[in-house]
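J.: Can you read through this structure? Questions will come right after.
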Amino acid sequence: MFDAAMSALAGFANPGTLLMLAIGVLAGLAMGVLPGLGGTAAVGILLPFVITLPPQQSLAILIGAVAVVHHSDVITAILLRVPGSASAAVIMPDGHALARQGQAARALSLCFVSSMIGGVLGAVGLTFSIPIAEPLVLAFGSPELFMLTVLGISLAALLSQGNMLKGLVGAALGLLIGMIGAAPAAATYRFSFGADSLLDGVGLVPLALGLFGLAEIAHMVARKSAVAEKLEVGDGWLQGAREALREWKMMLRGVFVGMWAGVLPGLGATAGTYIAYGQAAATASREERKSYGHGNTRGLVAAESAANSVEAGDLIPTLLFGIPGGAPAALLLGALLAYGIQPGPQMITDHLDVMYTVVWSFAIASVVGSVVCFFLAKPLARLSYVPFQYLAPGLLLIMFAAAYSDSTQFGGIVAMLVLGAIGFAMRAADFPRAPLLIGFILSVPLERYYFLTSNLYTTGEWMSRPLVIAMMVILAIPLVLVPVRRMRARSSERQGATSGPLEAGELVPAELAVAGARISGESGAGGSDRTAFLSATDRTAAVLDEHDGPAGEAASGEGALAKSIWPLLFGLATLAAFVTAFVVAQDYPSRARLAPALVTLLGMVLTAVLVVREGVAVWRGRRRERAWNREVSQTAVAFGWLVLFVVLVNFLGFVVGTLVFVPLFLLAVARLGAVKTGVYTVGAVALLVIGYLYGNFDLPAGTLLPLLPGFQV
């Protein structure tokens, strides 16, 4: 084991590996600053371009991006009161309060140091988990791996944002999408409907970028938000760093909470940071507790150390068991599978050096990311000053090029556009998207482990194995606990309505962690309904509102239309998809039919219950918000621009389509001047041409240009 660790470390003596790590760090920092994107978009964009590299270099760039996202997402939260991710929303009240007092540098340096140490200690925890988990991992056979896959998908749904039913529907939908293409247990293509681009299934990159990235970009373009106030960074860098080191006990507690939240599928960085912040408030004196939300530094240390250690904790089940806890880890799992590296027992026996490459990459990136943030805090903050309409065309070009490069088929671009629309619909209706991605990633292993188990064991044999029984019990716990906690929370609400108000400025610690999560929302695996864990009440959310101001707006309004008929409409559309898939699956051979039939049956039952519940809510008048408001209208226009770009690319090719789309968008939507538009367009086309000539990705030539005489691709 020591030899594998040293061998992995020696690989970083290669300048190419260090360069890849640096590129990943810079990409992660840039994505962390931009609201709504984060680690999922960073890994999704980088994945198709690095998959041709050696595994160590590819993992270095991907882990480098994941490890530093939470370093930079605090910059805009502190300076602009606009969190780069939902997990950064918890530090926004305290950090911005310090910035308004002229202590922005103190708050930033405190967060950077806490993130760095949280990441390094998280990597240490990941290292110690290897020998501890090794006997358990090696004892796993196909029945345990099958049940663990079921457990990972189920927990990601049960413990995710929104409510349990919506999470399960999202997971079932992800499993169904993952079953498009060749069946692993039979020589049959499923749900391709005659489209060649679907014979190999839906690509991971188009799904992740569409579901998360494209949906967020369309929403940000529609918002046309502007920065209301810009604060200078100022001085106090050393003071903040010293304060962070003095709070080492709080930092260790935050790391522990973060690792725990990362290991459990479905919690993620948002839950980890809010729980750590709540625990910090819980240990404070009653007098000190009043300062939370007004510039308290202990809460910043706890939340930031937890945020980065969450990502390290998420890697433990991903690498050792092949069960990702969140969206970035799911993409990393997809990268490992693309290299033929199967997480689980094989990772311990055959690819231990890969494990330690991930550990070293995470630790080094955490240090490098913090150092870079100290020097680039001001430039990164200025990036967030730029209106998003100016950034959107460049981001769209990168994402669509990544989607095409994933499969070199135009269908990848179309798939990303469709999944972007689905992602926005789920976002607006408060459906968690991370369970869909995790279900998609694990659909093939789930089916493969099931058929392997059924061929080797009878049903009674594999279901009576001790570890399988233990995992069944673990799966049953949230099924019982979540409804019980919710009933208790409703009881607390009724009792709170008759109790006196809280003392002015006082926050209830256990409820504070949850109330903020409700306000901020989460586009990844973390969730907003934390009553299942901490029994928060709505009156605490009202108290936090007094401290937090427009946090909900800043967090981009996840679930903004949940009180309209959107959930009902999305449920009906999903139910129709499950019914259609069930009917189509009946024509497949038995081994290709079994898995989609079971998934669609389960999906139909879950979605039918959801539709009935939402229908009753509409009938009783609890869904009175307008379904087609200004936000939806503007987002529809934004998607119209995306459709236009896809049409242009289809007929004119990527380069010429860019030459037409970018100036049209900048002049009509961003209202950019003609000269700046011309420079922007020339720069974008030049980057595409350079990438095509010297990079590792192809660009579609379109259907019309190849018809011209003398045209060559």
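The values are calculated or read from the model by the stated rules, or taken from the named source; none is laboratory data. Keep in mind it's a predicted model, so treat the numbers as computed, not measured. Glycine gets a Cβ as well: all are built from the backbone with ideal geometry, and neighbour counts include every protein chain shown.
J.: Look through F651, F661, F639, F697 and report the one residue that is touching a Pro at 6+ places or on another chain (Cβ under 9 Å) and modelled with pLDDT of 90 or more.
T.: F661 is the lone residue from the list that is touching a Pro at 6+ places or on another chain (Cβ under 9 Å) and modelled with pLDDT of 90 or more.
J.: Follow-up. Quick one: in segment 591-634, of everything that is of a type in the set (G, A, S) and assigned to a loop (DSSP other than H, G, I, E, B), which residue is nearest to T453 (Cα to Cα)?
T.: Per the stated criteria, the residue is A627.
J.: Continuing with the same structure: Within segment 152-195, restricting attention to residues that are modelled with pLDDT under 85 and in a helix (DSSP H, G or I), which residue is surrounded by the fewest Cβ atoms within 10 Å (Cβ to Cβ)?
T.: M164
J.: Also, I was wondering about something else. Of the residues F146, F128, F140, only one is outside any helix (DSSP H, G or I), under 30 Å from T357 (Cβ atoms) and out of contact with any strand residue (DSSP E or B) (no Cβ under 6 Å at 6 or more places or on another chain); which?
T.: Just a single option satisfies the conditions, and that option is F140.
J.: Quick one: is L667 at pLDDT 90 or above and hydrophobic (A, V, I, L, M, F, W, C)? Before the answer, list the steps.
T.: Values: at pLDDT 90 or above: yes; hydrophobic (A, V, I, L, M, F, W, C): yes.
For L667, the condition - at pLDDT 90 or above and hydrophobic (A, V, I, L, M, F, W, C) - is met.
J.: Just for segment 218-230: of the residues that are out of contact with any Leu (no Cβ under 9 Å at 6 or more places or on another chain), not in a helix (DSSP H, G or I) and not aliphatic (A, V, I, L, M), which one is modelled with the lowest pLDDT?
T.: For segment 218-230, the residue satisfying everything is S225.
J.: Which of the residues that make up segment 558-593 are surrounded by fewer than 18 Cβ atoms within 10 Å (Cβ to Cβ), charged (D, E, K, R) and more than 30 Å from V616 (Cα to Cα)?
T.: D587, R591
J.: Of the residues L688, L672, L602, which is under 30 Å from I565 (Cα atoms), in contact (Cβ under 8 Å) with a residue 24 or more places away in the chain, not assigned by TED's automatic domain parsing to the domain that holds E216 and not hydroxyl-bearing (S, T, Y)?
T.: L602
J.: Let me confirm something: among A215, A271, which residue is at pLDDT 75 or above, part of a helix (DSSP H, G or I), buried (at least 23 other Cβ atoms within 10 Å of the Cβ) and touching a Lys or Arg at 6+ places or on another chain (Cβ under 9 Å)?
T.: Step by step, each of A215, A271 is checked, and only A215 is at pLDDT 75 or above, part of a helix (DSSP H, G or I), buried (at least 23 other Cβ atoms within 10 Å of the Cβ) and touching a Lys or Arg at 6+ places or on another chain (Cβ under 9 Å).
J.: Could you tell me which numbered condition A27 fails, if it satisfies all but one of (1) at pLDDT below 80; (2) assigned to a helix (DSSP H, G or I); (3) surrounded by fewer than 24 Cβ atoms within 10 Å (Cβ to Cβ)?
T.: Of the numbered conditions (1) at pLDDT below 80; (2) assigned to a helix (DSSP H, G or I); (3) surrounded by fewer than 24 Cβ atoms within 10 Å (Cβ to Cβ), the odd one out for A27 is (1).
J.: Just one of F645, F654 is touching a helix residue (DSSP H, G or I) at 6+ places or on another chain (Cβ under 9 Å), more than 30 Å from A429 (Cα to Cα), touching a residue at least 60 places away in the same chain (Cβ under 8 Å) and not assigned by TED's automatic domain parsing to the domain that holds L396; which is it?
T.: Exactly one of F645, F654 is touching a helix residue (DSSP H, G or I) at 6+ places or on another chain (Cβ under 9 Å), more than 30 Å from A429 (Cα to Cα), touching a residue at least 60 places away in the same chain (Cβ under 8 Å) and not assigned by TED's automatic domain parsing to the domain that holds L396, namely F654.
J.: Taking the residues in segment 43-64 that are of a type in the set (V, I, T) and in a loop (DSSP other than H, G, I, E, B) as candidates, determine which candidate is surrounded by the fewest Cβ atoms within 10 Å (Cβ to Cβ).
T.: Step one: of segment 43-64, the residues of a type in the set (V, I, T) are 43, 45, 50-52, 61, 63.
Next, from what is left, pick out any that are in a loop (DSSP other than H, G, I, E, B): 51-52.
On the way: I51: 18, T52: 11.
Within segment 43-64, the match that is surrounded by the fewest Cβ atoms within 10 Å (Cβ to Cβ) is T52.
J.: Checking T40 against (1) assigned to a helix (DSSP H, G or I); (2) under 25 Å from F212 (Cβ atoms); (3) at pLDDT 80 or above, which test does it fail?
T.: T40 satisfies all of (1) assigned to a helix (DSSP H, G or I); (2) under 25 Å from F212 (Cβ atoms); (3) at pLDDT 80 or above except (3).
J.: What is the residue count in segment 449-460 for residues that are assigned to a helix (DSSP H, G or I) and free of Cβ contacts under 8 Å to residues at least 40 places away in the same chain?
T.: Count: 4.
J.: Between S454, S491, S443, S464, which is farther than 30 Å from A186 by Cβ and either more than 16 Å from the chain's Cα centre (by Cα) or at pLDDT below 90 (or both)?
T.: Exactly one of S454, S491, S443, S464 is farther than 30 Å from A186 by Cβ and either more than 16 Å from the chain's Cα centre (by Cα) or at pLDDT below 90 (or both), namely S491.
J.: When the residues of segment 664-678 are filtered to those that are in a helix (DSSP H, G or I) and touching a Pro at 6+ places or on another chain (Cβ under 9 Å), which remaining residue is farthest from L396 (Cα to Cα)?
T.: A674
J.: For G236, only one of the following conditions fails: (1) crowded, with 18+ Cβ neighbours inside 10 Å; (2) at pLDDT 75 or above. What is its number?
T.: Condition (2) is where G236 drops out.
J.: I've got another one for you. Tell me the residue from R433, R486 that is in contact with a Ser or Thr (Cβ under 9 Å, 6 or more places away or on another chain), within 30 Å of F645 (Cα to Cα) and at pLDDT below 90, please.
T.: R433 is the lone residue from the list that is in contact with a Ser or Thr (Cβ under 9 Å, 6 or more places away or on another chain), within 30 Å of F645 (Cα to Cα) and at pLDDT below 90.
J.: Here's another thing I want to ask about it. I'd like the full set of residues that are exposed (fewer than 11 other Cβ atoms within 10 Å of the Cβ) and either farther than 14 Å from P143 by Cβ or touching a Pro at 6+ places or on another chain (Cβ under 9 Å) (or both), limited to segment 458-475.
T.: Answer for segment 458-475, where residues must be exposed (fewer than 11 other Cβ atoms within 10 Å of the Cβ) and either farther than 14 Å from P143 by Cβ or touching a Pro at 6+ places or on another chain (Cβ under 9 Å) (or both): just V473.
J.: Based on what the data block shows, is L601 surrounded by fewer than 16 Cβ atoms within 10 Å (Cβ to Cβ) and not acidic (D, E)?
T.: It is true that L601 is surrounded by fewer than 16 Cβ atoms within 10 Å (Cβ to Cβ) and not acidic (D, E).
J.: Would you mind listing the helices (runs of 4 or more DSSP H) fully within segment 331-448 where at least 2 residues are assigned by TED's automatic domain parsing to the domain that holds R106 and farther than 19 Å from L214 by Cβ?
T.: Per the criteria, 345-349, 352-385.
J.: Just name the residue that is nearest to A99 (Cα to Cα) out of those in segment 352-383 that are surrounded by fewer than 21 Cβ atoms within 10 Å (Cβ to Cβ) and of a type outside the set (A, V, I, L, M, F, W, C).
T.: K378
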